[in-house]
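Chemist: Before I ask anything, let me first share the structure, which is written out below as structure tokens.
Just so it is clear, none of the values below were taken in a lab; they were calculated from the coordinates. This structure is a prediction, so every number in the text was calculated from the model and none was measured. Cβ placement follows ideal geometry from the backbone for every residue including glycine, while neighbour counts extend to all protein chains displayed.
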Amino acid sequence: MTDQAPAPYAGPERVLSGVQPSGALHLGNYLGALVKFTRLQHEIDTFIFVADMHAITVWQDPAQLASQVREITAAYLAAGLNPKVATIFPQSAVAAHAELAWIFNCVARLGWLDRMTQFKDKAGKHKERESVGLYTYPVLQAADILLYKATHVPVGEDQKQHVELTRDIAGKFNHDFDAPAFFPLPEPMIEGPGARIMSLRDGSAKMSKSDPSDYSRINLMDDADAIAQKIRKARTDPEPLPETLDELKDRPEAMNLVGIYAALDGRSNAEVLAEFAGQGFGAFKPKLADLAVAKLGPVGEAMRDYMSDPGEIDSILAAGAERARSAAAPTLAQVKKLVGFWGA
Ligand code: TYM
């Protein structure tokens, strides 16, 4: 017999992604993830969830968790996700995520998880004090994606390694259970200037929910004054903007502000430079602030509106959960059969 390459996955294309309800959403989440979800929902069957099971890998106040889930949902809706088009649901409402994650815990190798940089960053020097869940977190993420046989995963740059691990788990599952085209090998969708938004205080650190300085990030719920003030105070250098991207290489703060402008305006970094080359930050920052207020102001307002009606959000989540459970059930049933579980 000759060795043949396995048949490629032939199922339909599907998008899946999610956000953790573990703190206020910021500009990085918006540009790296939410804007892409909104665009993709019109192109491909799209599943977007709130990753509450991931959130509890670090302590979350039980009295707050459900309202944090509603807040992320409000942000999805405010960014333009349409619950009639995309399936929007809370992860914990679909038990199959946990079931598939267990099976994947038995497929993934310790060595693979040992390489995950996000765990190393989050755990720091005291990994023995972290939850086991924080360590196996990327395995649950693989289950989120593969339960729906998602082929495309829109995320920011920081999630690339987790999507690559998902591909490894899919490949090993397909191989071990002799089902070569069962799971797709999903593609991360990371392109564009919004994929890695950096802190406004330090161009070498990513903008993050957990940064102690609120001046490091623009929150989606910030009002116009706060947005403008944070941009005014953003760290920069004294040089004017150059003509080429190459000249921005060693100027991370300048690069970040150009990237934010480009992502907010749906343009490339090069196009932004072509317009602003030669101008200093005294001129550029007010234009960036105006653009940010014009783009984000209405999102924050819409979020507040949605959040004033939690009953409506809950009914959107309940309907999404129902759809997600129906989409997930056949995959989990097939997986149980392939694994050889009793009764499957
Ligand atoms: P989370 O909640 O940390 O972030 C949500 C999304 O925002 C992106 N992001 C950024 N993009 C650009 N610049 C930044 N500074 C920035 N900070 C965050 C993240 O890349 C992400 O796309 N593990 C995921 C949630 C998750 C998930 C999944 C995602 C769970 N299961 C399955 C995709 C598929 C997370 O913690 O994202």
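Chemist: Among Ala333, Ile44, Pro90, flag the residue with its Cα farthest along the positive direction of the charge dipole of the chain, charges on Cβ as +1 for Lys/Arg and -1 for Asp/Glu.
Modeler: Ala333
Chemist: Among Ala292, Ile218, Tyr148, which residue has its Cα furthest toward the positive end of the charge dipole of the chain, with +1 on Lys/Arg Cβ and -1 on Asp/Glu Cβ?
Modeler: Tyr148
Chemist: Another question about this same structure. What ranking, highest mean first, results for peptides 271-284, 157-170, 46-59 when packing means the other Cβ atoms within 10 Å averaged over each residue? It would help to have the intermediate numbers written out before the result.
Modeler: Values: 271-284: 15.6, 157-170: 19.6, 46-59: 21.9.
For the peptides 271-284, 157-170, 46-59, the packing ranking is 46-59, 157-170, 271-284.
Chemist: Same structure again: State, as an integer percentage, the relative contact order of the chain based on alpha-carbon contacts under 8 Å between residues 6 or more apart. Present the calculation step by step, with values, prior to reporting the outcome.
Modeler: Working: 525 pairs, mean separation 78.7, N = 344.
Relative contact order of the chain: 23 percent.
Chemist: Any idea what angle helix 132-147 forms with the longest principal axis of the chain, computed on alpha-carbon atoms, 0 to 90 degrees, nearest 10?
Modeler: Orientation of helix 132-147: about 80 degrees from the principal axis.
Chemist: While we're looking at this one, here's another question. Roughly how many debye, to the nearest 20, is the charge dipole of the chain about its Cα centre, given +1 on each Lys and Arg Cβ, -1 on each Asp and Glu Cβ, and no other charges?
Modeler: On the way: 36 positive and 44 negative charges, 114 e Å.
So the magnitude is around 540 debye.
Chemist: Next question. Where the only charges are on Cβ atoms (+1 Lys, Arg; -1 Asp, Glu), what is the dipole of region 214-305 about its Cα centre, to the nearest 20 debye?
Modeler: Values: 12 positive and 17 negative charges, 41 e Å.
My answer is approximately 200 debye.
Chemist: While we're looking at this one, here's another question. List the equivalent ellipsoid semi-axes of region 214-305 in whole Å, largest first, each obtained as the square root of 5λ for an eigenvalue λ of the Cα gyration tensor.
Modeler: 24, 14, 10
Chemist: Quick check on the chain: helices-only [θ] at 222 nm, where DSSP H runs of length 4 and up contribute -39,500 (n - 2.57) each and the sum goes over total residues. Nearest 500, please. Mind dumping the intermediate values first?
Modeler: Values: 13 runs with 172 residues, N = 344.
Result for the chain: -16000 deg cm²/dmol, rounded to the nearest 500.
Chemist: Taking Cα pairs under 8 Å and at least six residues apart, what relative contact order does region 214-305 come out at, in percent? Intermediate results must be reported in sequence, preceding the final value.
Modeler: Working: 93 pairs, mean separation 36.8, N = 92.
After rounding, I find 40 percent.
Chemist: Hey, another quick one. Residue by residue through region 260-265, which ³J(HN,Hα) values in whole Hz follow from phi under the Karplus form 6.51 cos²θ - 1.76 cosθ + 1.60 (θ = phi - 60°), with glycine and proline marked x?
Modeler: 5, 4, 4, 5, 5, 9
Chemist: Net charge within 14 Å of Pro286 by Cβ-Cβ distance, Lys/Arg positive one each and Asp/Glu negative one each, not counting Pro286 itself?
Modeler: Net charge in that neighbourhood comes out at +3.
Chemist: Taking 0.36 nm per residue of sequence separation and subtracting the Cα-Cα distance, how much length would be gained by fully extending the chain between Asn82 and Ile44, in nm to one decimal?
Modeler: Details: separation 38, 0.36 × 38 = 13.68 nm, distance 1.33 nm.
Roughly 12.4 nm would be gained on extension.
Chemist: Shape call for region 76-161 from the C-alpha gyration tensor, a ≥ b ≥ c root eigenvalues: rounded (a/c under 1.5), prolate (a/b greater than b/c) or oblate?
Modeler: On the way: a/c = 2.08, a/b = 1.60, b/c = 1.30.
Prolate shape, in that a/c is at least 1.5 and a/b is the bigger ratio.
Chemist: With each label point set 7 Å from Cα along the Cα-Cβ vector, what nm distance links Asp265 and Asp61?
Modeler: Between Asp265 and Asp61, the label points sit 4.1 nm apart.
Chemist: Then there's this: Once amide H atoms are placed 1.01 Å from N in the peptide plane, what residues at a sequence separation of 5 or more from Val50, or on another chain, have their amide H within under 5 Å of its amide H?
Modeler: Residues meeting the criterion, in which the H sits 1.01 Å from N, are Phe89, Gln91.
Chemist: Over what distance in Å are the Cα centres of region 257-330 and region 10-25 separated?
Modeler: If you average the Cα positions of each part, the centres end up 16 Å apart.
Chemist: Could you give the distance between the Cα centres of region 27-53 and region 122-194, to the whole Å?
Modeler: First find each Cα centre; the distance between them is then 16 Å.
Chemist: Below 15 Å, Cα to Cα, which aspartates and glutamates can Lys36 reach? Residues fewer than 8 away in the same chain don't count.
Modeler: Reachable aspartates and glutamates: Asp45, Glu157, Glu187, Glu191, Asp265.
Chemist: With r as the distance between the Cβ atoms of Glu301 and Ser210 and R0 = 30 Å, compute the FRET efficiency 1/(1 + (r/R0)^6) and round to 0.05.
Modeler: 0.70
Chemist: Across 20 Å bins from the origin, how do the percents of Cα pairs in the chain run, short distances first?
Modeler: All Cα pairs considered, the percentages come to 29, 55, 15, 1.
Chemist: Roughly what % of DSSP beta bridges within the chain run antiparallel, to the nearest 5? Let's see the in-between values first.
Modeler: Details: 2 of 16 bridges.
Here the antiparallel bridges make up roughly 10 percent for the chain.
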